[in-house]
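Some notes on the structure that comes next.
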Amino acid sequence: MKAVLRRLHCEFRHAARSRAVVMALVLVVVAGAVAAHLGAADVADTQRDLAALDGEIDAQELKLRSVHRADADVGLIGYFLTFPTKHEPSPWAALSAGVSSAFPYSQHLRLLGLVPQLDSEATGSPGIASLGRFDLSFVIVFLVPLLIIALAHDIATRDDELGIGSLVAAQPLSTFQLVVERLFAVGILLAGVIGLLVGLAAAIAGVKFDHTLATWLGLALLYAAFWLVAVLAVVAGSKTSISALLRLIGLWITLCIVVPAVLNAIVLTFFPLPGGVLATVEQRQFMNAGWDKAKAATMEPFLARRTEYADVSIPQERFSWPWYYAMHEVGDQQVAEQIASHRAQLERRAQTLERLSALAPPIALQLAFDRLARTDMLTYLRHGDSIAAYHEELKGFFYPLIFAEAKLHSLRFTDIPRHHYSPPKTGTIPGFLALSIVAATGILGLGIPWFRRRLNRSSIHHDD
Amino acid sequence: MYAFAWIDSVWENDSVLHAYQLSKRYRQITALDRLDLTVARGEIFCLLGANGAGKTTTINLFLGFIKPDSGHASIDGMNVAQHARRTKALLAYIPEQVQLYGGLTGLENLDYFCALAGHVEYNRGDYLEFLDRVGLEQKVADRRLSTYSKGMRQKVGIAIALAKRAKALLLDEPTSGLDPAAASEFGELLGQLRNDGTAVLMATHDLFRAAEIGTHVGIMKHGRLVETVPTSGPGHLDLEKIYLEHMRA
Ligand SMILES: Nc1ncnc2c1ncn2[C@@H]1O[C@H](COP(=O)(O)OP(=O)(O)OP(=O)(O)O)[C@@H](O)[C@H]1O
Ligand SMILES: [Mg+2]
């Protein structure tokens, strides 16, 4: 044991003497700090913008009351009003942006038909956020393995290449043990780097040191362990450092770039989206056709759903606000099924991607981080649902006023429902994502007896 | 094989390095042909022979780097092929070119190889002493190895052997490329090790040095040890004559 510690000490000294190694370590930590800083600034901006929305309805009240007469129809006022929606980012979003940049954190909703307003939500495709945002998760998922590769690709071959091989082989220590100890030294260095990265980033982003942080740390260490075992597998089968390096980079490209792209392609092929844009167009066309139809053609389907307004009489020959809003809602209804199946398809896509991502540790980790940060696709689908629910809530508030032909003076702006979506706090990661990384590591680990034989045989063996 | 090892250790108490009918073939080439050889404590056995005679093969068999086709090599009574690790703990090795980690100092390299060999009992003072014994003073010991000459690196190799307290020292042309003064100094260091009781087996092309520092000289040809000469007998000129006669035969 003492000898092992002494050798680890020697390995650290050896690493510390290499300017390239020190630079790489520093660079990754700095990259993580910069990423965390950028992410934190982004979240702070978002939070400031969201806070600024608070007074918006009040500001509109002032303006509308000054422009319109007190006996203006609430229907007219409802036409001009916009209602800000708020998607409060979790502080962790600073560290793993996920798909958040594909979706607005705020929208100005109107009382009119919802479908055309949902454009972005409806068409957004839930890809795997690969090589996307430069955030802490990017640093851990993509840069940390590169660091491991840079530090460890030559642990089995460097002595031979420095001409020290025979002197090392003459020592009473098997190559396998030496390689594993060196890998362990790299592991300790990496654990330090990861700890520093996560701790520093957490401090910069101002997240609490709680069990989410512990989960982040645990996942990152698990992921590093996967790469360490992968390095062992590759160096055991490589005769030179450069061939080990090339193979490891090949593995990195495969797992970090090729597999995500293939999985995306598979999901896009097997879960095609029948076009949210088409539903939007159809909604508009159907709605606009309402202008030329008899009022009853609009009111009948509307009242079938909202029987509480059956007694309200709608003027047949002229414009009226109840009819106008009914026309919008009927437009939504016309494409409701389409929208629902579209929404369901998006959910299936997201879920399938999540399951498939268990196939490659980098995506599994990325997704787990996104889940913890609540920036994953499923969170955004729920966000879309909350906007739909809010729209419904707004109608629940305004319809009784509009159908009763209430006037501006009776409208109490403070009673208008406000939107605030705070992604569910559960933030638990699907256990299978962590398990899949464990499994990948374990499967590679099964090869250890073989790696051992390869390594011990390769040591100074002049037999052909 | 066990029987032989047992007999070795009982009967030849002082014998450290022992080869019995040691043979190694590479396809058509017989690199080593039934070599019998014994090096006892305090002996320096020099292997002479033309290029390809089998000197390095002999040393590599003692190191366990290659496996014999028949016969066996043993160190302190232990068969090398069966006890690779335990025999390695007993020996030190100095290749033709001692290469070490250029980024570490001489002392740190010594520390590194002691750690590899499982020797953790030394402190800085001990290391400085070992290095001083081979003629590397503290100022040099704390310099990076990339600034060392070949002679200085070979000395670090000897320091490693000292620190390992090796029973046997295997050297493969350790003085080739050293200037005469450095080679002579190197020979003196070997003499010290011999006096400490180390058994030394050295492959060399340097007849003069072999005659001067060796206690025995073995002449190899085509994988066979054709003659063993105790150096107390002939002077180096005679050795050259014997050598050349064998080569011409
Ligand atoms: N790995 C190998 N594969 C095939 N033949 C080999 C191998 N190693 C050595 N040989 C052959 O075995 C024979 C003995 O080689 P060895 O290296 O022991 O000679 P040597 O006495 O050390 O020569 P030198 O003075 O050149 O160092 C030579 O004919 C050599 O070609
Ligand atoms: Mg040789």
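Would you calculate, for chain A, the mean residue ellipticity at 222 nm contributed by helices, counting each DSSP H stretch of 4 or more residues as -39,500 (n - 2.57) and dividing by all residues, to the nearest 500? All intermediate terms of the calculation are to be shown ahead of the outcome.
Details: 20 runs with 300 residues, N = 464.
Mean residue ellipticity, 222 nm, calculated: -21000 deg cm²/dmol.
For region A:2-463, calculate the relative contact order in percent as a whole number, restricting contacts to Cα pairs under 8 Å that are 6 or more residues apart.
Numbers: 564 pairs, mean separation 130.5, N = 462.
Result for region A:2-463 is 28 percent.
Of the heavy-atom accessible surface of the protein assembly as shown (probe 1.4 angstrom), what whole percent is carbon and sulfur? List each step's numbers first, then the result.
Working: 18240 of 30860 Å².
Roughly 59 percent of what the probe reaches on the protein assembly as shown is carbon or sulfur.
Would you mind checking which residues have amide H under 5 Å from B:LEU225's amide H? H placed 1.01 Å from N; only 5 or more apart, or other chain.
It is B:ASP36, by chain and number.
May I ask for the angle, rounded to the nearest 10°, between helix A:19-52 and the longest principal axis of chain A, with both axes built from Cα atoms and the value confined to 0 to 90°?
Helix A:19-52 sits at roughly 10 degrees to that axis.
In chain A, which longest range has no GluC sites (Glu not before Pro) that are both DSSP loop (not H, G, I, E or B) and surrounded by at most 14 other Cβ atoms within 10 Å? Please report the intermediate quantities before stating the final value.
Details: sites that count: A:GLU317, A:GLU405.
Excluding the exposed sites themselves, the longest stretch runs over A:1-316.
Shielding by partners for B:80-88, please: the mean number of other protein chain Cβ atoms within 10 Å of each residue's Cβ.
Numbers: counts 0, 0, 0, 1, 5, 5, 1, 1, 6.
What the average comes to for B:80-88 is 2.
Ignoring ligands, DNA and RNA, what accessible area per residue does the protein assembly as shown give at 1.4 Å, in Å²?
Using a 1.4 Å probe on heavy atoms only, each residue of the protein assembly as shown averages 43 Å².
Name the long-range amide H neighbours of B:VAL217: under 5 Å, sequence gap of 5 or more, or other chain; modelled H, no Pro or chain starts.
Correct list: B:CYS46, B:VAL229, B:THR231.
Lys and Arg at +1, Asp and Glu at -1: add these up for the other residues within a Cβ distance under 13 Å of B:GLY197 and post the number. Provide the component values of the computation, followed by the final result.
Values: positive: B:ARG41, B:ARG165, B:LYS167, B:ARG194; negative: B:ASP14, B:GLU43, B:ASP76, B:ASP196.
Result for the neighbourhood of B:GLY197: 0.
According to a simple spin-label model (label point 7 Å from Cα along Cα-to-Cβ), what is the distance in nm between A:LEU268 and A:ALA389?
Using points 7 Å along Cα→Cβ, the separation is 3.2 nm.
Got a sec to turn the phi values of region A:356-367 into Karplus ³J(HN,Hα) couplings, 6.51 cos²θ - 1.76 cosθ + 1.60 with θ = phi - 60°, whole Hz, x for Gly and Pro?
Taking θ as phi minus 60°, the curve returns 4, 5, 5, 6, 9, x, x, 6, 4, 5, 4, 5 Hz for region A:356-367.
In percent, what relative contact order does chain B have, based on Cα pairs under 8 Å that are 6 or more apart in sequence? Let's see the in-between values first.
On the way: 475 pairs, mean separation 67.2, N = 249.
Reported relative contact order: 27 percent.
For a quick check of your reading of the filter: which GluC sites (Glu not before Pro) in region B:108-138 sit in a DSSP loop and have no more than 13 other Cβ atoms within 10 Å?
Values: sites: B:GLU108, B:GLU121, B:GLU129, B:GLU137; in loops: B:GLU121, B:GLU137.
Answer in residue order: B:GLU121, B:GLU137.
Express in nm, to one decimal, how much length is gained between B:ARG85 and B:ARG25 on full extension, taking 0.36 nm for each residue of separation and deducting their alpha carbon distance.
Values: separation 60, 0.36 × 60 = 21.60 nm, distance 2.39 nm.
Net length gain for the segment: 19.2 nm.
Over region B:105-166, what is the relative contact order in whole percent, taking alpha-carbon pairs under 8 Å and six or more residues apart? Don't skip to the answer; put the middle values down first.
Details: 53 pairs, mean separation 28.8, N = 62.
With pairs under 8 Å counted, the relative contact order is 46 percent.
When the Cα centres of region A:324-371 and region B:97-134 are compared, how far apart do they sit, in Å?
If you average the Cα positions of each part, the centres end up 64 Å apart.
5 Å is the cut-off here: which amide hydrogens, built 1.01 Å from N in the peptide plane, fall below it relative to B:ALA31, excluding neighbours closer than 5 in sequence?
Under 5 Å from the amide H of B:ALA31 lie the amide H atoms of B:LYS24, B:ARG25, B:TYR26, each far enough along the sequence or on another chain.
Answer with one residue from A:ALA150, A:ILE363, A:HIS9: the one whose Cα lies farthest towards the positive end of the charge dipole of chain A, charges on Cβ with Lys, Arg +1 and Asp, Glu -1.
A:HIS9
Hey, if we sort A:VAL231, A:VAL22 by accessible area with the 1.4 Å probe, largest down, what's the order?
Working: A:VAL231 0, A:VAL22 65 Å².
Highest to lowest solvent-accessible surface, that is A:VAL22, A:VAL231.
Expected output is a single nm value to one decimal: the length gained when fully extending between A:GLN285 and A:ALA41, i.e. 0.36 nm times separation in residues minus the C-alpha distance. What is it?
Gain on stretching A:GLN285 to A:ALA41: 83.6 nm.
Using the alpha carbons of the protein assembly as shown, what is the convex hull volume per residue in cubic angstrom, as a whole number? Can you show the working numbers first?
Working: hull volume 134.8 nm³, N = 713.
Expressed per residue, the convex hull around the Cα atoms of the protein assembly as shown is 189 Å³.
Positive end of the dipole of the protein assembly as shown, charges at C-beta (+1 Lys, Arg; -1 Asp, Glu), about the Cα centre: which of A:LEU245, A:PRO116, A:GLN351 has its Cα farthest in that direction?
So the residue furthest toward the plus end is A:LEU245.
State whether region A:122-261 is rounded, prolate or oblate according to the following rule on the C-alpha gyration tensor (a ≥ b ≥ c being the square roots of its eigenvalues): a/c under 1.5 gives rounded; otherwise a/b larger than b/c gives prolate, and the remaining case gives oblate.
Values: a/c = 3.17, a/b = 1.69, b/c = 1.88.
Since a/c reaches 1.5 but b/c is at least a/b, the shape of region A:122-261 is classed as oblate.
Toward the positive end of the charge dipole of chain B, about the Cα centre and with charges on Cβ (Lys, Arg +1; Asp, Glu -1), which of B:VAL200, B:GLY54, B:ASN123 goes farthest?
My answer, from the dipole projection, is B:GLY54.
Can you pull the mean other chain C-beta count within 10 Å for peptide A:158-170? Don't skip to the end; give the middle numbers.
Working: counts 1, 2, 0, 0, 4, 5, 10, 3, 12, 13, 3, 6, 16.
The per-residue average across the peptide is 6.
Taking the Cα centre as origin and putting +1 on Lys and Arg beta-carbons and -1 on Asp and Glu beta-carbons, what dipole magnitude results for chain B, to the nearest 20 debye?
Computed charge dipole of chain B: roughly 780 debye.
Compute the acute angle (0 to 90°) between the alpha-carbon long axis of helix B:106-116 and the principal axis of greatest extent of the alpha-carbon atoms of chain B; round to the nearest 10°.
Here the helix axis deviates by roughly 60 degrees.
Within chain A, how many Lys pairs sit with Cα atoms under 17 Å apart, leaving out pairs fewer than 8 places apart on the same chain?
Taking chain A as the scope, the lysine pair count is 4.
Using only protein heavy atoms and a 1.4 angstrom probe, determine the accessible area buried between B and A, summed over both sides, in Å² to the nearest 100.
Values: alone 11970 and 21840 Å², together 30860 Å².
Buried: approximately 2900 Å² between A and B.
Please check chain A for the longest run free of chymotrypsin sites (Phe, Trp or Tyr not before Pro) that are loop-located per DSSP (anything but H, G, I, E, B) and have at most 13 other Cβ atoms within 10 Å. List each step's numbers first, then the result.
Working: sites that count: A:PHE209, A:PHE319.
It runs A:1-208.
Starting from the Cα of B:HIS246, step 7 Å along the direction of its Cβ; do the same at A:ALA70; then give the gap between the two resulting points in nm.
Roughly 12.6 nm, to one decimal.
So what J values fall out for region B:120-127 if you push phi through Karplus, 6.51 cos²θ - 1.76 cosθ + 1.60 with θ = phi - 60°, rounded to Hz, Gly and Pro as x?
Values per residue, Gly and Pro as x: 10, 7, 8, 10, 4, x, 4, 4 Hz.
Once phi is turned into ³J(HN,Hα) by the Karplus curve 6.51 cos²θ - 1.76 cosθ + 1.60 with θ = phi - 60°, what whole-Hz value does each residue of region A:188-203 show in order, with x for glycine and proline?
Residue by residue, region A:188-203 yields 5, 4, 5, 4, x, 4, 5, x, 5, 4, 5, x, 4, 5, 4, 5 Hz.
Take the alpha carbon atoms of region A:253-294, find their center, do the same for region B:202-231, and report the distance between the two centers in whole angstrom.
86
The values are calculated or read from the model by the stated rules, or taken from the named source; none is laboratory data. Quick caveat, the model's predicted, so the values are computed rather than measured. Ideal geometry is used to build each Cβ from the backbone, glycine not excepted, and the neighbour counts take in all protein chains shown. Each accessible area value is taken on the protein alone, full model and side chains, heavy atoms only, with ligands, DNA and RNA left out. Shrake-Rupley method; radii C 1.70, N 1.55, O 1.52, S 1.80 Å.
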